[in-house]
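As structure tokens, the structure follows; a few thoughts come after it.
Derivation of every value follows stated rules applied to the coordinates shown; laboratory data play no part. The shown structure was predicted, so the numbers you read here are calculated from the model rather than taken from an experiment. Note: ideal-geometry Cβ built from the backbone for every residue, glycine included; neighbour counts use all protein chains shown.
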């Protein structure tokens with residue numbers, strides 16, 4: 001039986017800007033994550049993936065931004081939580097690993113102290129057993145000579161090792177949800193595979209749900225159960241991983257898949273890029289934000305932004321599927 | 001580490017030798033003959049000649065310099081023309097006051113400066129930030145003698161909390177330390193603010209937040225240690241300004257320290273005292289900055305001296 005862990009409904013994220021009030025970064029985002037499930041969040045730079053992730057933990061600057069909508073974690077709307085209550089969630093029930101392992105660890109604190117801090121903050125260890133528990137966690141994430149590494153500093157470790165430390169830190173409190181924002185982007189390929197394997201292994205052991213944010217479709221195909229494709233701050237397609245790769249529907253998703261090398265490609269090994277760039281936030285006032293880059297765009301696309309259409313378990317935000325699907 | 005220490009030590013010695021040459025030259029180039037100053041307006045040509053000979057001022061300047069340095073290396077900085085005490089004695093007599101004054105004002109300036117800088121950085125672009133930076137600007141720009149007089153008027157004359165002048169233990173050093181520390185506090189506050197603003201943006205601060213750390217922990221345990229290095233450098237450099245500031249402050253508060261000693265020595269053309277004091281102060285500044293450099297390795301594990 002699947003149990004819903006996180007349910008985001010109608011989330012809007014906007015930032016204050018100097019001139020025209022606010023700029024909307026994420027629009028009307030709704031999705032859910034089940035316990036133990038891996039959901040991939042895909043899209044180009046600037047499509048709102050990272051902002052979404054940071055907002056789930058309320059880590060974006062609260063003076064200059066607004067998060068609207070509900071973010072339910074195990075049935076409680078954490079968007080209504082006080083900052084103090086939110087702190088008890090961070091690192092404990094929801095934890096996060098970031099893209100840059102080289103800069104994500106505090107350079108002046110020892111590894112042991114940094115991991116021990118999470119345990120200490122969420123009262124899972126006291127002064128006496130903290131080091132012992134830290135070493136235990138380090139061993140679990142496959143760190144060799146864990147006993148001596150606790151007394152080392154981040155600059156003494158390689159990128160891959162540092163990302164393992166980040167994972168150790170994130171998994172220290174057995175979180176319900178792990179948000180991984182481009183966890184392997186800064187690593188080389190062999191290390192990438194190791195890190196992904198490690199995440200999978202820990203997920204199976206603790207039944208942790210993972211929200212995996214990446215622009216790397218290879219990583220998605222390996223890790224994700226379900227995929228959400230974002231463009232210009234909204235979901236444009238959502239499907240389970242097999243369906244999405246076999247039968248992508250949104251022209252943007254198709255474009256993304258075509259721009260990745262594939263052995264069985266019909267394009268004689270040639271990659272087809274998506275022309276143009278993601279428009280700047282606030283540029284598009286009406287219509288489908290992808291229309292300027294879309295080969296199939298027609299009149300309706302300029303007039304009205306399409307809603308999500310549902311067909312079987314696949315959701316697509318495109319007028320081309322108006323007939324086939326039911327409006328979600 | 002040992003080769004680094006050796007290198008640093010050699011440069012320190014070269015610097016001190018350089019300073020000694022400069023000090024020697026400056027003193028011998030300023031107009032006014034010390035001997036005629038000592039003997040007064042009615043001195044005869046012969047008595048001047050005789051005293052010059054006795055003090056060794058008739059010798060060529062290079063000879064004077066090398067003879068001075070030869071003795072200085074052995075810890076003999078000469079004898080005061082005026083008081084007849086050795087310069088080393090004079091320094092040892094007066095250093096406790098100046099050392100305390102420097103220490104208290106550095107402590108006062110650092111604590112106040114770092115606190116104000118941290119608050120300004122955390123509350124960036126708010127009224128509090130602007131107020132803090134205005135305060136820092138006042139601290140930097142207000143002249144020491146003016147602050148001193150203001151503090152004396154308020155706390156000694158009006159409120160009678162502290163003594164107006166003279167040295168009578170720790171209590172009498174509070175106002176002078178505040179006077180001297182305010183400028184330091186201002187510079188430190190500005191440096192702390194900009195350094196903190198830089199650190200707060202770093203990825204590892206976001207990581208700490210994601211771990212569930214609160215504001216206090218973020219600021220004092222994660223940001224400050226990373227932001228403190230340029231501040232510590234500044235504190236080391238401030239030590240030089242403090243020595244200069246002590247001259248004014250000690251004079252205003254009539255404290256018998258090194259600062260007031262140098263003022264009286266200059267006005268009486270007491271060459272050995274002025275030379276000895278300048279050399280001593282320069283050496284102190286050089287040593288303090290050396291200690292600061294060694295401190296870096298304690299504050300940031302990435303810094304290693306090979």
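Provide, for q = 0.17, 0.27, 0.28 Å⁻¹, the log10 of I(q)/I(0) from a solvent-free Debye sum over equal Cα point scatterers in segment B:201-256.
Log-scaled intensity ratios, in q order: -0.65, -0.98, -1.01.
Return the ratio Rg/(2.2 N^0.38 Å) for the protein assembly as shown, where Rg is computed over Cα atoms only. Please report the intermediate quantities before stating the final value.
Working: Rg = 34.9 Å, N = 634, 2.2 N^0.38 = 25.5 Å.
Taking the Cα Rg and dividing by 2.2 N^0.38 Å, one obtains 1.36.
Which order do A:120, A:296 fall in if you start with the one that has the fewest other Cβ atoms within 10 Å?
On the way: A:120 17, A:296 12.
Going from sparsest to densest Cβ surroundings: A:296, A:120.
D for segment B:1-143, whole µm²/s, Stokes-Einstein with Kirkwood Rh over alpha-carbon pairs at 10 °C and 1.306 mPa s: what number?
78
Provide A:32, A:321 in ascending order of the number of other Cβ atoms located within 10 Å of each residue's Cβ, fewest first.
Working: A:32 15, A:321 20.
Ascending Cβ contact count within 10 Å gives the list A:32, A:321.
Evaluate E = 1/(1 + (r/R0)^6) for residue B:9 and residue B:111, where r is the Cβ-Cβ distance and R0 equals 30 Å; express this FRET efficiency to the nearest 0.05. Let's see the in-between values first.
Values: r = 32 Å, r/R0 = 1.06.
Here the calculated transfer efficiency is 0.40.
Give the percent of DSSP beta bridges with both residues in chain A that are antiparallel, rounded to the nearest 5.
On the way: 32 of 51 bridges.
Antiparallel bridges: around 65 percent, rounded to the nearest 5.
Given the rule -39500 (n - 2.57) for each run of at least 4 DSSP H residues, summed and divided by the residues of chain B, what is its mean residue ellipticity at 222 nm, to the nearest 500 deg cm²/dmol? Please list the in-between numbers first.
On the way: 12 runs with 220 residues, N = 306.
When only DSSP H runs of four or more count, the value is -24500 deg cm²/dmol.
Take the Cα coordinates of segment A:13-94, assign each an equal point scatterer, and use the Debye formula without solvent to give log10 I(q)/I(0) at q = 0.12, 0.26 Å⁻¹.
For segment A:13-94, the Cα-only Debye profile gives -0.38, -1.52.
Two decimals, Cα atoms only, Kirkwood Rh: what is Rg/Rh over segment A:206-307? Numbers along the way, then the final one.
Numbers: Rg = 15.0 Å, Rh = 15.1 Å.
Reported Rg/Rh (Cα atoms, Kirkwood Rh): 0.99.
First check a/c for segment B:71-175, with a ≥ b ≥ c the square roots of the eigenvalues of its C-alpha gyration tensor; if it is under 1.5, answer rounded, and if not, answer prolate when a/b is larger than b/c or oblate otherwise. Present the calculation step by step, with values, prior to reporting the outcome.
Working: a/c = 3.15, a/b = 1.87, b/c = 1.69.
Verdict is prolate for segment B:71-175.
Given chain A, what whole percent of its Cα pairs are spread farther than 26 Å?
Numbers: 27109 of 53628 pairs.
I get 51 percent for the Cα pairs in chain A exceeding 26 Å.
Quick one: grab the alpha carbon gyration tensor of segment B:49-91, order the square roots of its eigenvalues as a ≥ b ≥ c, and give me rounded if a/c is under 1.5, else prolate or oblate depending on whether a/b is larger than b/c. Don't jump to the answer; show the numbers that get you there.
Working: a/c = 3.49, a/b = 1.19, b/c = 2.93.
Verdict is oblate for segment B:49-91.
Between segment B:1-29 and segment B:71-143, what is the separation of their alpha carbon centroids in Å?
The distance from the Cα centre of segment B:1-29 to that of segment B:71-143 comes to 23 Å.
In nm, to one decimal, how far is the residue B:303 label point from the residue A:283 one, both placed 7 Å along Cα→Cβ?
4.5
Based on the Cα coordinates of segment A:106-172, what is the per residue volume of their convex hull in Å³?
Numbers: hull volume 5.0 nm³, N = 67.
It comes to 75 Å³ per residue, whole-number rounded.
Output the relative contact order of segment A:106-172, whole-number percent, from Cα pairs under 8 angstrom with separation of 6+ residues. Write down the numbers at each step before the final one.
Details: 66 pairs, mean separation 31.0, N = 67.
Relative contact order for segment A:106-172 comes out at 46 percent.
First check a/c for segment A:82-222, with a ≥ b ≥ c the square roots of the eigenvalues of its C-alpha gyration tensor; if it is under 1.5, answer rounded, and if not, answer prolate when a/b is larger than b/c or oblate otherwise. It would help to have the intermediate numbers written out before the result.
On the way: a/c = 1.64, a/b = 1.20, b/c = 1.36.
The shape class here is oblate.
Count the DSSP beta bridges whose two residues both fall in the protein assembly as shown, then state the antiparallel fraction as a percent rounded to the nearest 5. Please list the in-between numbers first.
Numbers: 33 of 52 bridges.
Roughly 65 percent of the beta bridges in the protein assembly as shown run antiparallel, per DSSP.
Evaluated at 37 °C with a viscosity of 0.692 mPa s, what Stokes-Einstein diffusion coefficient in µm²/s does segment B:176-233 have when Rh comes from the Kirkwood expression over alpha-carbon pairs?
Working: Rh = 12.3 Å.
This corresponds to a translational diffusion coefficient of 266 µm²/s.
Can you give the helix-only mean residue ellipticity at 222 nm for chain A, where every DSSP H stretch with n ≥ 4 adds -39500 (n - 2.57) and the sum goes over all residues, rounded to the nearest 500 deg cm²/dmol? Write down the numbers at each step before the final one.
Details: 11 runs with 98 residues, N = 328.
The per-residue figure over chain A is -8500 deg cm²/dmol.
Rounded to whole Å and ordered largest first, report the semi-axes of the equivalent ellipsoid of segment B:211-306 derived from its Cα gyration tensor (root of 5λ). Working shown, then result.
Numbers: eigenvalues 304, 60, 8 Å².
The answer is 39, 17, 6 Å, longest axis first.
Please work out the C-alpha center-to-center distance from segment B:175-227 to segment A:1-60 and express it in whole Å.
One Cα centre to the other: 31 Å.
Fewest first, what order do B:146, A:319 take by the number of other Cβ atoms within 10 Å? Show your work: numbers first, answer last.
On the way: B:146 11, A:319 22.
Sorted ascending by nearby Cβ count, the order is B:146, A:319.
Once segment B:2-73 is represented by equal point scatterers at the alpha-carbon sites, with solvent omitted, what log10 I(q)/I(0) does the Debye formula produce at q = 0.20, 0.28 Å⁻¹?
With no solvent term, the Cα-only Debye profile gives -0.92, -1.24.
Working from the pairwise distances between different alpha carbons, so that the mean of 1/r is found and then inverted, what is chain B's Kirkwood radius in Å? List each step's numbers first, then the result.
Details: mean 1/r = 0.0453 Å⁻¹.
Mean inverse Cα-Cα distance, inverted, gives 22.1 Å.
Along the three principal axes, how long is segment A:185-247 when you take its alpha carbons, biggest first, rounded to the nearest angstrom?
30, 27, 24
Going by alpha carbons, how many degrees (0 to 90, nearest 10) lie between the helix axis of B:61-73 and the longest principal axis of chain B?
60
Going 7 Å from the Cα of residue B:66 in the Cα-to-Cβ direction, what parts of segment B:13-27 have a backbone nitrogen less than 16 Å from that spot?
Only B:21 fall inside the zone, counting backbone N under 16 Å.
I need to check one value: relative contact order of segment A:48-127, counting alpha carbon pairs closer than 8 Å and at least 6 residues apart, in percent.
Details: 31 pairs, mean separation 14.5, N = 80.
With pairs under 8 Å counted, the relative contact order is 18 percent.
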